[in-house]
Amino acid sequence: MWQALRERLHPTGLEIVTVALDVDPEAARPFVEAAAAQHPSLIDRAHVTDERFGFVNVPNGVWIDETGMIVRPAEPVFPGHNPVLQSFRKIDLTTLEPEAAEMLREARKITSDPDGYLAMIEDWAEHGAESRYVLSPDEVLRRAAPRGDDEAIAAAHFELGEHLHRAGDHAAAIPHWREAQRRFPSNWTYKRQAWELEDPARQGRTDAYDSSWFEDIKAIGAENYYPPIIP
């Protein structure tokens, strides 16, 4: 989706930069290569973009103008309808195991606004600083998620865990990732990365963590998984 958008809007001066949040570059590589992106396509192993831009889930994104100023802070981004997510809605739940059916039933409650977000980007590409979706610096700061001591310490724990995992001591990384989750429970990227390494794809409960994707999303309500975009 991002590549198609880039091809269409790049002549207007818009550039796309995609970032995969994954401590294992090889896990992200097939998706990066399949996209055959002509725009910069990066992998953030330590989730530095979480810390710098306030990403707490994927897909999240920020708008940065030609002067380097953030004109829209981190928010859910959907530049079109995702065929994978759409395919989930076509699966006959009666053909699945009960646990899988329950998970998919909950996942179907996740909401997004791909058409609305696409219209916003198109307006920005056409009108630049005059776009009605460009925010003032004060509004950017007001909307940006606060970063207190707990969030800063959580980022440090996550990065330390990533370092230990990369050095080959995965077991030593787990306590740091647990602490990152405890201090910053609304950061889904910390959770999903840790869960994925223990239980790929399903991200279910394991001995390593006291939670799972399904348990946590049910607790908040899947309809709240992505906050609504405020134009």
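The values are calculated or read from the model by the stated rules, or taken from the named source; none is laboratory data. Computed from a predicted model, the values in this text were never measured in an experiment. Glycine also receives a Cβ, built like all others from the backbone with ideal geometry; neighbour counts cover every protein chain displayed.
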key: Whichever residue in region 1-47 is of a type in the set (Gly, Ala, Ser) and touching a helix residue (DSSP H, G or I) at 6+ places or on another chain (Cβ under 9 Å) and, among such residues, is farthest from Asp65 (Cα to Cα)   = Ala27
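Out of Glu122, Glu106, Glu151, report the one residue that is surrounded by 15 or more Cβ atoms within 10 Å (Cβ to Cβ), over 29 Å from Pro83 (Cα atoms) and in contact (Cβ under 8 Å) with a residue 12 or more places away in the chain.
Details: Glu122 fails: over 29 Å from Pro83 (Cα atoms); Glu106 fails: over 29 Å from Pro83 (Cα atoms).
Within the list Glu122, Glu106, Glu151, the selection yields Glu151.
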ask   = Which condition number does Ser112 fail, the rest of (1) farther than 25 Å from Ala28 by Cα; (2) under 19 Å from the mean Cα position of the chain (by Cα); (3) modelled with pLDDT under 95 being met?
value = (1)
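How many residues are under 23 Å from Tyr226 (Cα atoms), more than 23 Å from the chain's Cα centre (by Cα) and in a helix (DSSP H, G or I) if we restrict to region 85-98? Step through it out loud before you land on a result.
Step one: list which residues in region 85-98 are under 23 Å from Tyr226 (Cα atoms), which gives 85-91.
Among the residues that remain, those that are also more than 23 Å from the chain's Cα centre (by Cα) are: 90-91.
Among the residues that remain, those that are also in a helix (DSSP H, G or I) are: none.
Summing the residues that are under 23 Å from Tyr226 (Cα atoms), more than 23 Å from the chain's Cα centre (by Cα) and in a helix (DSSP H, G or I) in region 85-98 gives 0.
Table: residues versus (1) touching a residue at least 60 places away in the same chain (Cβ under 8 Å); (2) among the hydroxyl-bearing types (Ser, Thr, Tyr).
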site: Arg182; (1), (2): no, no
site: Thr189; (1), (2): yes, yes
site: Glu198; (1), (2): no, no
site: Glu215; (1), (2): no, no
site: Lys218; (1), (2): yes, no
site: Pro228; (1), (2): yes, no
request  = Please work out which one of (1) of a type outside the set (Val, Ile, Thr); (2) surrounded by 17 or more Cβ atoms within 10 Å (Cβ to Cβ); (3) in the same structural domain as Val62 (by TED's automatic domain parsing) is the condition Leu160 fails and give its number.
outcome  = (3)
query = In region 38-52, which residue that is of a type outside the set (Val, Ile, Thr) and surrounded by 16 or more Cβ atoms within 10 Å (Cβ to Cβ) is farthest from Asp22 (Cα to Cα)?
reply = His39
message = Looking at region 17-38 only, could you name the residues that are within 17 Å of His163 (Cβ to Cβ) and of a type in the set (Asp, Glu)?
response = Asp22, Asp24
query = Do you know which residues across region 178-204 are of a type in the set (Lys, Arg) and either modelled with pLDDT under 95 or more than 20 Å from Glu102 (Cβ to Cβ) (or both)?
reply = Arg178, Arg182, Arg183, Arg202
remark   = Those residues of region 174-184 which are surrounded by fewer than 18 Cβ atoms within 10 Å (Cβ to Cβ) and of a type in the set (Lys, Arg) amount to Arg182
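Here's the yes/no breakdown for (1) closer than 21 Å to Ala27 by Cα; (2) charged (D, E, K, R); (3) not assigned by TED's automatic domain parsing to the domain that holds Leu14:
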| residue | (1), (2), (3) |
| --- | --- |
| Asp123 | no, yes, no |
| Gly128 | no, no, no |
| Leu164 | yes, no, yes |
| His170 | yes, no, yes |
| Arg205 | yes, yes, yes |
remark   = Reported set for region 185-231 where residues are at positive phi and surrounded by fewer than 17 Cβ atoms within 10 Å (Cβ to Cβ) is Ala201, Gly221
